[in-house]
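The values are calculated or read from the model by the stated rules, or taken from the named source; none is laboratory data. Predicted model, so just to flag it, every value in this text is computed and none were measured. FYI the Cβ positions are ideal-geometry reconstructions off the backbone, even for glycines, and counts take in every protein chain you see. Quick note on the areas: whole protein, heavy atoms, side chains included, nothing else; ligands and nucleic acids left out. Shrake-Rupley method; radii C 1.70, N 1.55, O 1.52, S 1.80 Å.
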Amino acid sequence: MEKPTASTEPQGPRPVLGRESVQVPDDQDFRSFRSECEAEVGWNLTYSKAGVSVWVQAVEMDRTLHKIKCRMECRDVPAETLYDVLHDIEYRKKWDSNVIETFDIARLTVNADVGYYSWRCPKPLKNRDVITLRSWLPMGTDYIIMNYSVKHPVPYPSGW
C-alpha cells in the first residue's frame, strides 16, 4: 500500500533531497531521525552556551545547503509537557512573542498534519512563513516531532 503524500510537487527531504513527494514518516523514518539527532560524526558544533548547542552539516550535493540541528536542555520541564506545549497552536500564540499566525490546514494521520506558521524576524530580515508536514511519535522516553517544508495550495493570510 502506498503511503499518503502531502503534495505531488517536488519537495524537500524524506529523508534525502530530490524525492518527487514528501511522505508521512513511518516508524523506520523516526528511528533514522533519532539516530541522526544522536550522531556526532560529520557534524560541526558551532554554538554551545547555557544549555543550547547547535551543529551544522554541509549537504553533500550542494555545499551551500546545510542541515542544522539543535539541542536544548530543559531541566525543569518534563519532555511530555514540552511535547504537549509544542502541539498546542492556540497556546503557542500566548508564549511565542514572534508568532504572527499559525493554523492547521489538514490532518493526514493520527500523528501527522499539515500546518501554516508565520513569524516576526529581527530587522533587517523580513518576516517569514512556512507550510510544514509535521509528524510526531513518542518513542519510549523520547518525544519526536519532525517537520518538512511542503507546498500546499492553501491561500496565504491577507497581507502576505
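Which one is nearest to Cys74 (Cα to Cα), of the residues in segment 123-142 that are at pLDDT 90 or above and open to solvent by 80 Å² or more (accessible area, probe 1.4 Å)? This residue is Arg128. Scanning segment 69-79 for any residue that is open to solvent by 50 Å² or more (accessible area, probe 1.4 Å), β-branched (Val, Ile, Thr) and at pLDDT below 90 turns up nothing.
Step by step: first the residues of segment 27-67, then only those that are of a type in the set (A, V, I, L, M) and either loosely packed, with under 13 Cβ neighbours inside 10 Å or in contact with a helix residue (DSSP H, G or I) (Cβ under 8 Å, 6 or more places away or on another chain) (or both), then the one that is nearest to Ser135 (Cα to Cα). Which residue is that? Within segment 27-67, the match that is nearest to Ser135 (Cα to Cα) is Ala39. Could you check, for segment 83-101, whether at least one of its residues is among the aromatic types (Phe, Trp, Tyr) and exposed (fewer than 11 other Cβ atoms within 10 Å of the Cβ)? Yes: segment 83-101 contains one or more residues that are among the aromatic types (Phe, Trp, Tyr) and exposed (fewer than 11 other Cβ atoms within 10 Å of the Cβ).
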